[in-house]
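All remarks here apply to the structure that follows.
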Amino acid sequence: MNALIFLFREVLGRDVENILRFTRAVSKQRIPTVLSPEEIKQLLAGMSGRSKLMASLMYGTGMRVMECARLRVQDIDFDYVQITVREAKGNKQRVVPLPEKLIPLLRD
């Protein structure tokens, strides 16, 4: 649209308001798809091992995939029941609660 306006105004020397009568299309608001708790249980039941632990961590803490992949042992604080997420979005650092159900799995 900006290219057309530039063409009419600068190159052809015409008044854009009288020539181009248009209305912009309204973009649809996208609603995020969220899984129900039952769907999450079914999804995690079909997983095993490290991938199940990582998926459970992401679900329980709200971490993103790369935050979970970069997680280090020293970032997990069992005494305060929290995880320090480093190099998060915007290269920031934040602290998230550690789900108590995952403590035995993480200790192993």
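The values are calculated or read from the model by the stated rules, or taken from the named source; none is laboratory data. The model shown is predicted, which means the values in this text are computed figures rather than measured ones. Note: ideal-geometry Cβ built from the backbone for every residue, glycine included; neighbour counts use all protein chains shown. The protein model used for the area step is the full one, side chains on, heavy atoms only, and it has no ligands, DNA or RNA in it. Shrake-Rupley method; radii C 1.70, N 1.55, O 1.52, S 1.80 Å.
Go through the stretch 61-93 and give me each residue that's over 19 Å from residue 50 (Cα atoms), among the basic types (Lys, Arg) and in contact with a helix residue (DSSP H, G or I) (Cβ under 9 Å, 6 or more places away or on another chain).
Answer for the stretch 61-93, where residues must be over 19 Å from residue 50 (Cα atoms), among the basic types (Lys, Arg) and in contact with a helix residue (DSSP H, G or I) (Cβ under 9 Å, 6 or more places away or on another chain): 86, 89.
So, in the stretch 74-105, how many residues would count as being part of a helix (DSSP H, G or I) and among the aliphatic types (A, V, I, L, M)? Even if it seems obvious, please write down each step before you answer.
Here is the first cut: in the stretch 74-105, the ones part of a helix (DSSP H, G or I) are 74-75, 100-105.
The next check asks that each one be among the aliphatic types (A, V, I, L, M); those that pass are 102-103, 105.
So the count comes out to 3.
Conditions: (1) within 19 Å of residue 106 (Cβ to Cβ); (2) open to solvent by 70 Å² or more (accessible area, probe 1.4 Å). Residue 6 meets all but one. Number of the miss?
Every listed condition holds for residue 6 apart from (1).
Just checking, does the stretch 35-44 include any residue being loosely packed, with under 11 Cβ neighbours inside 10 Å, assigned to a loop (DSSP other than H, G, I, E, B) and modelled with pLDDT under 95?
Among the residues of the stretch 35-44, at least one is loosely packed, with under 11 Cβ neighbours inside 10 Å, assigned to a loop (DSSP other than H, G, I, E, B) and modelled with pLDDT under 95, which makes the answer yes.
Being assigned to a loop (DSSP other than H, G, I, E, B) and among the hydrophobic types (A, V, I, L, M, F, W, C) is the filter; apply it to the stretch 45-73 and report the residue that is most open to solvent (accessible area, probe 1.4 Å).
47
Going residue by residue through the stretch 18-25, is there one that turns out to be polar (S, T, N, Q), part of a helix (DSSP H, G or I) and within 15 Å of the chain's Cα centre (by Cα)?
There is no residue in the stretch 18-25 that is polar (S, T, N, Q), part of a helix (DSSP H, G or I) and within 15 Å of the chain's Cα centre (by Cα).
Of the conditions (1) assigned to a loop (DSSP other than H, G, I, E, B); (2) over 19 Å from the mean Cα position of the chain (by Cα), residue 30 clears all except one; give me its number.
(2)
Considering only residues of the stretch 79-108 that are surrounded by fewer than 11 Cβ atoms within 10 Å (Cβ to Cβ) and in contact (Cβ under 8 Å) with a residue 12 or more places away in the chain, which is farthest from residue 59 (Cα to Cα)?
107
Right, residue 44: of a type outside the set (Val, Ile, Thr) and under 17 Å from residue 103 (Cβ atoms) or not?
Yes.
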